[in-house]
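The values are calculated or read from the model by the stated rules, or taken from the named source; none is laboratory data. Just so we're clear, the structure is a prediction, and the values are computed from it rather than from any experiment. Virtual Cβ from ideal backbone geometry, glycine too; neighbours counted across all protein chains shown. With ligands, DNA and RNA removed, areas are computed over all heavy atoms of the protein, side chains included. Shrake-Rupley method; radii C 1.70, N 1.55, O 1.52, S 1.80 Å.
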Amino acid sequence: RAAAEEERKSSEGLRARLNAELDSVKGHAQGLEEENEKSKERERMMELKYAELDVFKLDVIARELKIIDRHIEAIRGEAKGLENSAKRFQAFADQCVGAKS
């Protein structure tokens with residue numbers, strides 16, 4: 001009889017631990033479901049935003065980017081010219097210093 005009582009208590013303890021673990025897993029699953037729903041909502045919102053960007057708008061953006069790219073290339077060319085001038089100036093300055101020595 002004592003063994004049966006001990007087994008019953010052990011079973012109740014196991015059942016309680018399993019129920020607690022089940023509750024924990026259910027809570028985690030619910031959290032994941034909520035996160036999934038939020039992700040789906042964000043995805044729907046992004047789809048709406050991208051739908052607003054039609055081909056015409058993308059063409060305008062592409063043209064503006066090309067203009068900016070041309071400006072950058074022009075500035076890059078000027079920078080290379082300045083770099084070359086600085087090198088020539090440095091070489092000239094080195095020659096002057098060498099000639100004075």
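At 1.4 Å probe size, with no ligands or nucleic acids counted, give the accessible surface of residue 25 in Å², nearest ten.
Taking all protein chains as shown, residue 25 has close to 90 Å².
If you fit an axis through the alpha-carbon atoms of helix 2-52 and take the longest principal axis of the Cα set of the chain, what angle between them do you get, 0 to 90°, nearest 10?
Once rounded, one gets 30 degrees.
Counting only the backbone N, which residues of the stretch 32-60 are under 17 Å from the spot 7 Å out from the Cα of residue 71 toward its beta-carbon?
Under 17 Å, as judged by backbone N against the label point of residue 71, lie 60 of the stretch 32-60.
How charged is the neighbourhood of residue 73? Take every other residue with its Cβ under 13 Å from the Cβ of residue 73, and add Lys/Arg as +1 and Asp/Glu as -1. Kindly include the intermediate steps, with their values, before the conclusion.
Values: positive: 66, 70, 76, 80; negative: 69, 78.
In short, +2.
Tally Lys and Arg at +1 and Asp and Glu at -1 over the other residues with C-beta under 13 Å from the C-beta of residue 60: what net charge comes out? Write out the running numbers ahead of the final one.
Working: positive: 57, 63, 66; negative: 54, 59, 64.
Here the charged neighbours net out to 0.
Measure nothing but the geometry: give the 0 to 90° angle between the long axis through the Cα atoms of 55-100 and the longest principal axis through the Cα atoms of the chain, rounded to 10°.
Its long axis makes an angle of about 50 degrees.
For the chain, what % of the accessible area comes from carbon and sulfur atoms, probe 1.4 Å? Kindly include the intermediate steps, with their values, before the conclusion.
Details: 5580 of 9570 Å².
About 58 percent, which is the carbon plus sulfur part of the accessible surface.
What does the charge dipole of the chain about its Cα centre add up to, to the nearest 20 debye, if the Cβ of each Lys and Arg holds +1 and the Cβ of each Asp and Glu holds -1? Walk me through the intermediate numbers first.
Values: 20 positive and 22 negative charges, 139 e Å.
Magnitude of the dipole: close to 660 debye.
Within a Cβ distance under 11 Å of residue 42, other residues only, what is the Lys/Arg minus Asp/Glu net charge?
Values: positive: 38, 40, 44, 49; negative: 35, 37, 41, 43, 47.
Net of charged neighbours comes to -1.
Using +1 at the Cβ of each Lys and Arg and -1 at the Cβ of each Asp and Glu in the chain, identify which of 92, 4, 19 lies farthest towards the dipole's positive end.
The one lying farthest along the dipole's positive direction is 92.
Gap in Å between the Cα centre of the stretch 1-58 and the Cα centre of the stretch 62-101?
If you average the Cα positions of each part, the centres end up 61 Å apart.
Calculate, axis by axis, the spread of Cα positions in the chain along the three principal axes, and write the results as whole Å, longest axis first.
Principal extents (Cα only, largest first): 115, 55, 9 Å.
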